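Notes for the one structure printed next.
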Amino acid sequence: MSSGVTIGDGVIETFDKMKLMKSEKKAVFFGFSCDEKYIVVEEGKEILSGDCNGDFFPRLKSMFSDTKCCYALLDIEYVTGESKKRDLIFVLWAPEDAPIKEKMLFASSKPYLKQAFSGVNKQWEIHSQDDLTVDQLAQKLSSGKIKSLEGHLL
């Protein structure tokens, strides 16, 4: 890898469970190990489906730091027309106030993590809290009209 970072086993295991819908996780965050050699699951930074109670998006938004980059994998349920859908979306959070070195490391490692998340075709790159909206997420999920997203009517 050009960034010198490898993907930790826990990352692949978490992804496989979410992809096969054998996980209660609605959102999982990933970052770097202390030595910056591995992408790892961030302990305690997740949202479980039973924890949401209609407030998924505000909880998700509060988990993104204004000064630290991260990756996230979201398992999103939404309704378009008459059909209910469920998709995984890969998120790269690189806030404007994060250190340049960190942004570069995250950007150069992103392709390898995306490759490990085979089958995830939807991606959302965010740089500020202003871009972190339900409407922006809806646009990334579908080119059609979304009626509701995680219980939030649009």
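The values are calculated or read from the model by the stated rules, or taken from the named source; none is laboratory data. What you see is a predicted model; the values in this text were computed from it and never measured. Here the Cβ is made from the backbone with ideal geometry for all residues, glycine too, and neighbour counts use every protein chain on show.
Mind counting the residues in segment 114-129 that are within 13 Å of Trp93 (Cβ to Cβ) and part of a helix (DSSP H, G or I)?
Residues of segment 114-129 within 13 Å of Trp93 (Cβ to Cβ): 123-129.
Filter again for part of a helix (DSSP H, G or I), leaving 129.
Number of matching residues: 1.
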Which numbered condition trips up Lys140, out of (1) closer than 15 Å to Met18 by Cβ; (2) surrounded by 14 or more Cβ atoms within 10 Å (Cβ to Cβ)?
(1)
Within the group Thr80, Thr67, Thr6, which residue is among the β-branched types (Val, Ile, Thr), touching a residue at least 12 places away in the same chain (Cβ under 8 Å) and surrounded by fewer than 13 Cβ atoms within 10 Å (Cβ to Cβ)?
Thr67
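Any residue at all in segment 39-55 that's of a type in the set (D, E, K, R) and over 25 Å from Asp131 (Cβ atoms)? Lay out the reasoning, then the answer.
Within segment 39-55, the first condition is being of a type in the set (D, E, K, R), and the residues that meet it are 42-43, 45-46, 51, 55.
If we keep only those that are over 25 Å from Asp131 (Cβ atoms) as well, we get 43.
Checking segment 39-55: at least one residue is of a type in the set (D, E, K, R) and over 25 Å from Asp131 (Cβ atoms).
Report whether or not Ser109 is more than 24 Å from Arg59 (Cα to Cα) and either modelled with pLDDT of 90 or more or of a type in the set (Phe, Trp, Tyr) (or both).
Values: more than 24 Å from Arg59 (Cα to Cα): yes; either modelled with pLDDT of 90 or more or of a type in the set (Phe, Trp, Tyr) (or both): yes.
For Ser109, the condition - more than 24 Å from Arg59 (Cα to Cα) and either modelled with pLDDT of 90 or more or of a type in the set (Phe, Trp, Tyr) (or both) - is met.
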Identify all residues within segment 5-30 that are touching a helix residue (DSSP H, G or I) at 6+ places or on another chain (Cβ under 8 Å) and either assigned to a helix (DSSP H, G or I) or of a type in the set (Phe, Trp, Tyr) (or both); write none if there are none.
Val11, Ile12, Phe15, Phe30
